[in-house]
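A.B. asks: Take this structure, written in structure tokens, and hold onto it; I'll ask about it next.
None of the figures in this text is laboratory data; all of them are computed from the coordinates on show. Nothing here was measured: the structure is a model prediction, and the numbers come from that model. Positions of Cβ are backbone-derived with ideal geometry, glycine not excepted, and every protein chain shown enters the neighbour counts.
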């Protein structure tokens with residue numbers, strides 16, 4: 001009986017084995033349906049091969065994008081198509097489209113998105129990060145407080161170099177909400193080490209409700225803050241968003257709340273503008 005069972009076993013498909021060995025799993029898993037599709041379209045051998053390769057590339061891209069989005073740790077799903085440019089006239093859509101092309105990431109440049117709370121800075125940062133992943137770049141998203149807390153913890157455990165190495169690997173590091181909450185006492189020195197590690201090699205996108213002139217207060221160390229900005233602004237794009245909060249606009253229109261006396265955009269500082277010659281979008285005063 002054993003011999004009879006062996007005689008009736010289906011032999012392994014050598015093509016299936018070769019496709020698996022070449023890691024062409026997209027073609028392997030859809031081979032019969034793809035060949036049927038090619039036959040119905042009366043494709044030549046060359047056209048059929050093109051079809052197979054296209055489907056394999058599409059599947060690999062889909063999986064790469066899914067994995068990239070997962071590893072980025074975005075707090076929400078945001079896309080550029082969902083951003084209301086008409087509600088924020090201080091933003092030029094062309095500038096954002098240029099940034100969405102991700103050339104600045106390839107060049108290791110930085111983007112600073114400045115503006116009061118609720119004007120869409122986080123939305124834009126996530127959307128630009130998503131575009132970077134679609135373009136093939138690795139991205140990591142974090143808040144400033146989480147980032148600094150992690151650096152402080154790593155320093156206390158004597159593994160700061162390991163932490164900085166991990167944070168230097170993504171081609172784009174997005175740091176959200178710098179200046180919203182008080183930072184750790186050693187934040188300035190640790191943040192400086194991170195910026196220095198990524199300087200001209202890895203792009204950074206930072207959102208803040210504070211102008212660059214106020215970063216000395218944010219880090220509680222004007223000297224180190226100046227050194228941080230010197231590196232961040234060397235190759236940078238600085239966009240200042242002026243406008244009302246999306247979350248409060250409807251309530252203000254309805255009269256439920258009144259505008260706060262302190263509402264308004266951060267004011268740029270001419271003394272901290274990057275040197276001429278860089279690929280920079282200057283702050284508007």
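A.B. asks: Being in contact (Cβ under 8 Å) with a residue 24 or more places away in the chain and in contact with a helix residue (DSSP H, G or I) (Cβ under 6 Å, 6 or more places away or on another chain) is the filter; apply it to region 214-224 and report the residue that is farthest from residue 108 (Cα to Cα). So that I can check it myself, show each step before the final result.
C.D. replies: Start the filter on region 214-224 by keeping residues that are in contact (Cβ under 8 Å) with a residue 24 or more places away in the chain, which leaves 214-215, 218-221, 224.
Filter once more, so that each one left must be in contact with a helix residue (DSSP H, G or I) (Cβ under 6 Å, 6 or more places away or on another chain): 215, 219, 221, 224.
Values: 215: 22, 219: 24, 221: 26, 224: 22 Å.
Only one residue tops the list, namely 221.
A.B. asks: Go through region 110-155 and give me each residue that's buried (at least 21 other Cβ atoms within 10 Å of the Cβ) and assigned to a loop (DSSP other than H, G, I, E, B).
C.D. replies: If the condition is that a residue be buried (at least 21 other Cβ atoms within 10 Å of the Cβ) and assigned to a loop (DSSP other than H, G, I, E, B), then 115, 119, 120 are the ones that fit.
A.B. asks: Go through region 15-58 and count every residue that is at negative phi, over 35 Å from the mean Cα position of the chain (by Cα) and not in a helix (DSSP H, G or I).
C.D. replies: The number of residues fulfilling the criteria is 3.
A.B. asks: For region 80-95: of the residues being in a helix (DSSP H, G or I) and touching a residue at least 40 places away in the same chain (Cβ under 8 Å), which is farthest from residue 132 (Cα to Cα)? Give the steps one after another, and end with the answer.
C.D. replies: In the first step, residues of region 80-95 are kept if they are in a helix (DSSP H, G or I); the result is 80-82, 85-87, 93-95.
Narrowing the set further to residues that are touching a residue at least 40 places away in the same chain (Cβ under 8 Å) leaves 80, 82, 87, 95.
Values: 80: 12, 82: 17, 87: 25, 95: 15 Å.
The selected residue is 87.
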